[in-house]
Amino acid sequence: MEEIDHLGHERSKIEFDVEAMKIVWAGSQRALEVSDRISRLVASDPIFRKDDRTILSRKELFNTTLRKSAHAWKRIIELRLTEEEASRLRFYIDQPAFMDLHWGMFIPAIKGQGTEEQQKKWLPLAYKMQIIGCYAQTELGHGSNVQGLETTATFDPKTDEFILHSPTLTSSKWWPGGLGKASTHALIYSRLITDGQDHGVHGFIVQLRSLDDHLPLPGITIGDIGIKFGNGAYNSMDNGVLRFDHVRIPRDQMLMRVSQVTREGKYLQSDVPRQLVYGTMVYVRQTIVSDASCALSRAVCIATRYSAVRRQFGSQDGGPETQVIDYKTQQNRLFPLLASAYAYRFVGEWLKWLYTDVTQRLQANDFSTLPEAHACTAGLKSLTTSATADGIEECRKLCGGHGYLCSSGLPELFAVYIPACTYEGDNIVLLLQVSRFLMKTVSQLGSGIKPVGTTAYMGQVEHLMQCHCDVQRAEDWLKPSVILAAFQARAARMSVACAQNLSKFSSQEEGFAELSADLVEAAVAHCQLIVVTKYIEKLQQAIPGKGVKEQLAALCNIYALSLIHKHQGDFLANGCITPKQASLVNWQLRSLYAQVRPNVIGLVDAFNYTDHYLGSILGRYDGNVYPKLYEEAWKDPLNDSVVPDGYHEFIRPMLKQQLRTARL
Ligand SMILES: CC/C=C\C/C=C\C/C=C\C/C=C\C/C=C\CCCC(=O)SCCNC(=O)CCNC(=O)[C@H](O)C(C)(C)COP(=O)(O)OP(=O)(O)OC[C@H]1O[C@@H](n2cnc3c(N)ncnc32)[C@H](O)[C@@H]1OP(=O)(O)O
Ligand SMILES: Cc1cc2nc3c(=O)[nH]c(=O)nc-3n(C[C@H](O)[C@H](O)[C@H](O)COP(=O)(O)OP(=O)(O)OC[C@H]3O[C@@H](n4cnc5c(N)ncnc54)[C@H](O)[C@@H]3O)c2cc1C
């Protein structure tokens, strides 16, 4: 029987080349081919099914994680998948697992902080999965404050070993993914002590479990920290707890690229900046920005397709009711999220370039761009994950009641995504890092040090402090130069205001503490400027395909103008725009919504997500929502029996008792 495309009418209205847009979203024709092939491979393999995840017990869920990871590894070997293909495989399997930390943090940390010799020894074992590693930094007592970690690694010159020890309860390692049950090894961040002196936090490779029977090695206490938020969701991950009781490891298991301990126990610091110990976090924060565009686009795809299927009110003469996507309020909530998904995609691409560039420079001992890379990765990780977490929840609400069903895919997506606002750096703590960087930049203005990179706009601070926005008609808001000028003026004015207020305090530290809320807002303004700038730069490139660039330009304008609307307090209070210009933003936004409305199904189809990956009845490609929701309900284990278990024990006696009371 031929399948009916319930969204066919929508698809017939699309005014641009969806296939060409798929290439833009994927990054290249080749990336699209890889993504498409691997997503179908995963969707067609029953071992990778995920429709039962929310009803499995924790043990069953973890067992599926192990099965899926082992099967994925088998497929990687059998099909000789490249690193890129293997990473796509992990992405489409879509189940948080110890493998993420092994490939995503353990290996990068050894690459970034190990000497050549250490890399030669450990990387082949890790690449072949002969050892499984995790990244164990956070402790029960300290996560954000890395310098406050308490685990100690004391050098014993007699045996040429470090002694790893957990001196307090709060020094227990707590949270590392993969640590609880799967890892054989860990990168342990602990205080280095030589000759009674504390040299601060350093990384050590430590074997935790036997490679023969997986039992913890002597002196090691290890387990899972317990169930986390939401059904299924992040509970497939074995976040762990670990304590050391005087565990000895050879000296050459301290990662020694940044600093070394000699055979005699002498501590040597190389020319490499200490902050490189934090390098793995910079790498992962960069990947998290691209991940944000994936998570947000997934929620938006579900909410957009469903909003086109769902009808409510507005029927005239017995005709069909209004598609909820045609309500302006629905568009005003949904389309900026669609635009944000594209914006984060492009800023993620740029951040990847920035990270590659800084890595190449570091290899040549050029550390000049490290502060900017840290500020950009920290700030953009914070901005995009916060907006994505809020955006997923907004998409759930956009789907009305059915969005609350697990079969909509949205509750699980929300539950699995929200810790991104916390892990790899709490979002507020990271924004405070950005504001430190901004305050330093402002303090150097006029000193002859020219701001570069993402702070180059500060070089025109005098102009930005007094310029006026050049908008008279709503269409003027479509000019990239006008948008950029408004965002630059807002960011510069907020940073300068903070710097001026900071100077009123007797110490920088006191000022930072008192003004931290304002500093965070200034950091957000700077990060939003980066996203807008990188999107506008993307549009300056050649983008083939009928109508593709026009749609991307409309989304760019929606992204920027919806931010001006949302943060109009900032723009107005700082005198960057007038109240009249703020109201023209709304006029222009409404016109942009009308422009993209016929194309929104095409814009979400361009993500090229399979129904398996979306995991949502509401977001099905064919829009066949109601029969499938109805069918799905009957699969719930509660419907296995018509009369529920427990009827005779609880319901019946209650009913009978009421009967007796009523008769009395
Ligand atoms: C088949 C499978 C295939 C593939 C898998 C592939 C990929 C998967 C990818 C990834 C996996 C993704 C997700 C997994 C999910 C979860 C993982 C979660 C892991 C974690 O959470 S790990 C723990 C993370 N912890 C944190 O982020 C802690 C946050 N805190 C900090 O970073 C710091 O302590 C701090 C920055 C807040 C403060 O540090 P400090 O007190 O030492 O520093 P100061 O504020 O005094 O600053 C001093 C100086 O240093 C600069 N600085 C700080 N940090 C950095 C940095 N990272 N890089 C460079 N410079 C840095 C700072 O700016 C100051 O400079 P200044 O010039 O002196 O001002
Ligand atoms: C799902 C998940 C997976 C994780 N995986 C790993 C892992 O693999 N390896 C690992 O090592 N760790 C991991 N972590 C730990 C994670 O990195 C930390 O939880 C995170 O860095 C936040 O630190 P914290 O818990 O100490 O938060 P806290 O710092 O205690 O934050 C609590 C509150 O205090 C605020 N706050 C803290 N400091 C300041 C400040 N200076 N100014 C203003 N406000 C402040 C925060 O904004 C927050 O609101 C994981 C965590 C989660 C949730």
ask   = Tally time: how many residues in segment 140-192 are within 16 Å of ligand 2 (Cβ to nearest atom), exposed (fewer than 15 other Cβ atoms within 10 Å of the Cβ), over 23 Å from the mean Cα position of the chain (by Cα) and touching a residue at least 12 places away in the same chain (Cβ under 8 Å)?
value = 4
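So, in segment 95-119, how many residues would count as being within 16 Å of ligand 2 (Cβ to nearest atom) and touching a residue at least 24 places away in the same chain (Cβ under 8 Å)?
Residues of segment 95-119 within 16 Å of ligand 2 (Cβ to nearest atom): 95-110, 112-113.
Next cut, touching a residue at least 24 places away in the same chain (Cβ under 8 Å) only: 95-102, 104-110, 112-113.
Qualifying residue count, segment 95-119: 17.
Residue-wise test of (1) over 26 Å from L614 (Cβ atoms); (2) within 11 Å of ligand 2 (Cβ to nearest atom); (3) of a type in the set (S, T, Y).
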site	(1), (2), (3)
Y417	no, yes, yes
A420	no, yes, no
E424	no, yes, no
V429	yes, yes, no
V434	yes, no, no
M439	yes, no, no
Q444	yes, no, no
K450	yes, no, no
ask   = Out of the residues in segment 71-87 that are more than 10 Å from ligand 1 (Cβ to nearest atom) and not β-branched (V, I, T), which is nearest to N231 (Cα to Cα)?
value = H71
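One residue is enough: does segment 428-435 have a residue meeting the conditions modelled with pLDDT of 95 or more, within 12 Å of the chain's Cα centre (by Cα) and within 15 Å of ligand 1 (Cβ to nearest atom)?
From segment 428-435, those modelled with pLDDT of 95 or more are 428-435; that's our starting set.
Subset that is within 12 Å of the chain's Cα centre (by Cα): none.
The answer is no; no qualifying residue exists.
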ask   = So R90 fits all but one of (1) more than 9 Å from ligand 1 (Cβ to nearest atom); (2) on the phi < 0 side of the Ramachandran plot; (3) out of contact with any Cys (no Cβ under 7 Å at 6 or more places or on another chain); what number is the exception?
value = (1)
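Tell me which residues, restricted to segment 289-333, are crowded, with 17+ Cβ neighbours inside 10 Å, more than 15 Å from the chain's Cα centre (by Cα), part of a helix (DSSP H, G or I) and not aliphatic (A, V, I, L, M).
Narrowing segment 289-333 to residues crowded, with 17+ Cβ neighbours inside 10 Å: 289-310, 323-325, 330-331, 333.
Right, trim to more than 15 Å from the chain's Cα centre (by Cα) and you get 300-310, 323-325, 330-331, 333.
Next cut, part of a helix (DSSP H, G or I) only: 300-309, 324-325, 330-331, 333.
Passing the criteria: C301, T304, R305, Y306, S307, Q330, Q331, R333.
So for segment 383-400 (the condition being at positive phi and either touching a helix residue (DSSP H, G or I) at 6+ places or on another chain (Cβ under 8 Å) or away from ligand 1 (no atom under 16 Å from the Cβ) (or both)), does at least one residue qualify? Lay out the reasoning, then the answer.
Here is the first cut: in segment 383-400, the ones at positive phi are 400.
Remaining after also requiring either touching a helix residue (DSSP H, G or I) at 6+ places or on another chain (Cβ under 8 Å) or away from ligand 1 (no atom under 16 Å from the Cβ) (or both): 400.
Yes, segment 383-400 contains a residue that is at positive phi and either touching a helix residue (DSSP H, G or I) at 6+ places or on another chain (Cβ under 8 Å) or away from ligand 1 (no atom under 16 Å from the Cβ) (or both).
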ask   = How many residues does segment 1-42 hold that are surrounded by fewer than 17 Cβ atoms within 10 Å (Cβ to Cβ) and under 16 Å from L81 (Cβ atoms)?
value = 6
key: Subset of segment 224-237 [on the phi < 0 side of the Ramachandran plot and surrounded by fewer than 19 Cβ atoms within 10 Å (Cβ to Cβ)]   = D224, I225, I227, K228, F229, N231
query = Would a scan of segment 374-382 turn up a residue that is surrounded by fewer than 23 Cβ atoms within 10 Å (Cβ to Cβ) and either in contact with a helix residue (DSSP H, G or I) (Cβ under 6 Å, 6 or more places away or on another chain) or not in a loop (DSSP other than H, G, I, E, B) (or both)?
reply = yes
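The values are calculated or read from the model by the stated rules, or taken from the named source; none is laboratory data. Treat the numbers as computed from the prediction; the structure is a model and nothing was measured. Here the Cβ is made from the backbone with ideal geometry for all residues, glycine too, and neighbour counts use every protein chain on show.
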